Amino acid sequence: MRKASSLTSRLMTSSFAKVMKHRIMQSSYYLIFGWTCGDTPRYLHQRPIVLDFLGETNSLFILDVGCGAGMYTLEILRRRSNAVALDVRIDFIKFLKESEPKLHVVLGDAQYLPFKNEVFDKMLCSEVLEHLEDDIKGIKEIARCSKQGGSTIFSAPCDAPCKWFRDKVLNAESFRIPFGHKRHGYSMDEFAFMLEEEGLIVQSHSTNMYFFTQLALYFSHLTRNRLPALLVAMISLTDKAVKFGEPYNIVITARKA
C-alpha cells in the first residue's frame, strides 16, 4: 500500500498531472460543471463573440497578448494558425508549454512586447488593458507589432455596468486587489478614441454580460467563488434571452490603418 501511495503521490506532482489539470480547467465541461470562476461567464458570452470576430485564421501569424491559461490560444491552435502566447505570469506560460509543447510561449509584459515591428497578421488582447499600469503604452505596443491592415481583437470591462454591481463588487477591495484591476473599464467612445489615436480603426464591436451575468458574478463574489459553475451558468444564460440593464463587457475588433 505504501508503494502504491508513493507512486500516486509522484504522479500527482508530475508534469502529466499539471497538464491534465490545465486541460480539465480549460474544458467546457469544467467551466459549466466544475466550481465557478470568472471564466465561466466569459466562456458563455464573450468567447463566441471573440471567435466570431477572429474569423479565418488558417496559416496566419497570431499573437495572444495576456493569454492567461489559454482559453483563446488553444482554439487558435486548433484552427491551424501559427500562434504565439504571451503572458506576464510564469505559471500560465509553464502550463501552456507543458500542455502544447509545440506552442511558442513568451514570458513578457504587454507594455513591452519583445517583438519586431509589424510582425503579426492578427492579435488578441482579452481582459488585459484594465490590468496595465499604462494601458496606452500597451495599445501602442500592439499597434507597433501589428502588420499594416492587420486586425486586433480587444475585450475589456465596460466602465458603467449596473450601478449596484459596480458598488457592491467592483469597488470592493476583495474583488479589485486579487484580480489586479487598475481601472473599472472603458466606455465605447473612450475605447475607440484610445485605439484610433494609435492608428487602430474600430471595425465592429459587441457588448455582453448584462444584468443576470452580473447577478451571477455577485453571488459568486459573496461565496468567494464557491458556487457550482452550473448555477452561475444558469443565471448568466438568462442574458441570452433578456438583455436587461447595462453590459459589463465589450469586445472590439480594430484594424491598423
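If you go through region 174-197 one residue at a time, do you hit one that is within 27 Å of N58 (Cα to Cα) and either in contact with a Phe, Trp or Tyr (Cβ under 7 Å, 6 or more places away or on another chain) or not polar (S, T, N, Q) (or both)? Don't jump to the end; show me each part of the working.
Within region 174-197, the first condition is being within 27 Å of N58 (Cα to Cα), and the residues that meet it are 195.
Keeping just the survivors that are either in contact with a Phe, Trp or Tyr (Cβ under 7 Å, 6 or more places away or on another chain) or not polar (S, T, N, Q) (or both) gives 195.
Within region 174-197 (the criterion being within 27 Å of N58 (Cα to Cα) and either in contact with a Phe, Trp or Tyr (Cβ under 7 Å, 6 or more places away or on another chain) or not polar (S, T, N, Q) (or both)), the answer is yes, since at least one residue qualifies.
Condition check for V88 on (1) more than 24 Å from H184 (Cα to Cα); (2) modelled with pLDDT of 95 or more: one failure, at (1).
Filter region 75-90 for residues that are part of a helix (DSSP H, G or I) and touching a helix residue (DSSP H, G or I) at 6+ places or on another chain (Cβ under 8 Å) and give the result. Write out each step before concluding.
Filtering region 75-90 for residues part of a helix (DSSP H, G or I) gives 75-78, 90.
Scanning region 75-90 gives E75, I76.
Among the residues of region 91-98, is there at least one that is part of a strand (DSSP E or B) and of a type in the set (D, E)? No, region 91-98 has no match at all. The selection criterion, being assigned to a helix (DSSP H, G or I), modelled with pLDDT of 85 or more, crowded, with 19+ Cβ neighbours inside 10 Å and of a type outside the set (K, R), holds for I49.
Applying the condition of being within 20 Å of D189 (Cβ to Cβ) and small (G, A, S) to region 208-257 and asking which residue is surrounded by the most Cβ atoms within 10 Å (Cβ to Cβ) yields A254. At least 3 residues being surrounded by 13 or more Cβ atoms within 10 Å (Cβ to Cβ) and either in contact (Cβ under 8 Å) with a residue 24 or more places away in the chain or not basic (K, R) (or both) is the threshold, and among the helices (runs of 4 or more DSSP H) wholly inside region 102-207 those reaching it are 135-145, 188-197.
Would you tally the residues in region 193-217 being at negative phi, touching a Cys at 6+ places or on another chain (Cβ under 9 Å) and of a type in the set (A, V, I, L, M, F, W, C)? It would help to see each step written out before you state the result.
The first filter runs over region 193-217 and keeps only residues at negative phi, leaving 193-198, 200-208, 210-217.
Next cut, touching a Cys at 6+ places or on another chain (Cβ under 9 Å) only: 207, 210-211, 214-215.
Restricting the remaining residues to those that are of a type in the set (A, V, I, L, M, F, W, C) gives 211, 215.
Summing the residues that are at negative phi, touching a Cys at 6+ places or on another chain (Cβ under 9 Å) and of a type in the set (A, V, I, L, M, F, W, C) in region 193-217 gives 2.
The values are calculated or read from the model by the stated rules, or taken from the named source; none is laboratory data. All of these numbers come straight from a predicted model, not from anything done at the bench. Positions of Cβ are generated from backbone atoms using ideal geometry, with glycine treated the same way; all protein chains shown enter the neighbour counts.
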